[in-house]
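> Let me begin by handing over the structure; questions about it come next.
The values are calculated or read from the model by the stated rules, or taken from the named source; none is laboratory data. Being a predicted model, the structure only gives us computed values, none of them experimental. Neighbour counts run over all protein chains shown; Cβ positions are idealised from the backbone, glycine included. Only protein heavy atoms, including side chains, enter the accessible area calculation; ligands, DNA and RNA are left aside. Shrake-Rupley method; radii C 1.70, N 1.55, O 1.52, S 1.80 Å.
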Amino acid sequence: MAGALERELTVLFRRARAASGDLARAVHPGLEAAAYGILVRLDEVEPERATDLAAYFGVGKATMSRQLRAMEELGLVAREPDPADGRAYLMRLTGEGRERFARVRRLRRERYLGQLAAWDPSDVAELARLLHRLNATQSG
């Protein structure tokens, strides 16, 4: 059982990493693969401090700063002063960033639905529930 689980998760994660690069380039040709996840997170919780983003993804502040700076230069995110701490900044999607991200996310969701069209809707719901449970376990 553990072997089968490991094998299937390895395939899923490998495909997800490859897809992240494609998705990032679909948002903007100059966007790095890792940045797609940052766009997802900002779309869900913005505005958010760079330090909080770094903690969420489990990367260093310097790595996150470099990613955010590159995204800023592409016009996808913007920083604004944090009213709670004048030394810090909050990050949010720009209008262009939100529009580009929403287009790619919509196409990605349509592709998921197409791939799972032959599945019973209750099975798709169960898969989503179990993946959510797995993700909650991993973050805690």
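> List, please: which pairs have Cβ atoms under 6 Å, are six or more places apart or on different chains, and start with a residue in region 114-138 that is open to solvent by less than 80 Å² (accessible area, probe 1.4 Å) and end with one that is part of a helix (DSSP H, G or I)?
Listed pairs, sorted by first residue: LEU116/VAL124.
> Now, a different point. Step by step: first the residues of region 82-97, then only those that are open to solvent by 90 Å² or more (accessible area, probe 1.4 Å) and not small (Gly, Ala, Ser), then the one that is nearest to the chain's Cα centre (by Cα). Which residue is that? Explain how you work it out, then say what you get.
Initially, region 82-97 is screened for residues open to solvent by 90 Å² or more (accessible area, probe 1.4 Å), giving 83-84, 87, 89.
Pick out the ones that are also not small (Gly, Ala, Ser) and you get 83, 87, 89.
Working: PRO83: 26, ARG87: 26, TYR89: 20 Å.
Only one residue tops the list, namely TYR89.
> Follow-up. Do we have ARG133 as modelled with pLDDT of 90 or more and either of a type in the set (Asp, Glu) or under 17 Å from the mean Cα position of the chain (by Cα) (or both) here? First the steps, then the outcome.
On the way: modelled with pLDDT of 90 or more: yes; either of a type in the set (Asp, Glu) or under 17 Å from the mean Cα position of the chain (by Cα) (or both): no.
No: the conditions fail for ARG133.
> Okay, moving on. Can you give me the number of residues within region 56-71 that are within 21 Å of GLY86 (Cβ to Cβ) and of a type in the set (A, V, I, L, M)? Walk me through how you get there before you give the answer.
Taking region 56-71 and keeping what is within 21 Å of GLY86 (Cβ to Cβ), we get 61, 64-65, 68-69.
Checking which are of a type in the set (A, V, I, L, M) leaves us with 64, 68.
Counting residues in region 56-71 that are within 21 Å of GLY86 (Cβ to Cβ) and of a type in the set (A, V, I, L, M) gives 2.
> Which condition number does GLY30 fail, the rest of (1) free of Cβ contacts under 8 Å to residues at least 24 places away in the same chain; (2) surrounded by fewer than 16 Cβ atoms within 10 Å (Cβ to Cβ); (3) under 17 Å from the mean Cα position of the chain (by Cα) being met?
If we test GLY30 against (1) free of Cβ contacts under 8 Å to residues at least 24 places away in the same chain; (2) surrounded by fewer than 16 Cβ atoms within 10 Å (Cβ to Cβ); (3) under 17 Å from the mean Cα position of the chain (by Cα), just (1) comes out false.
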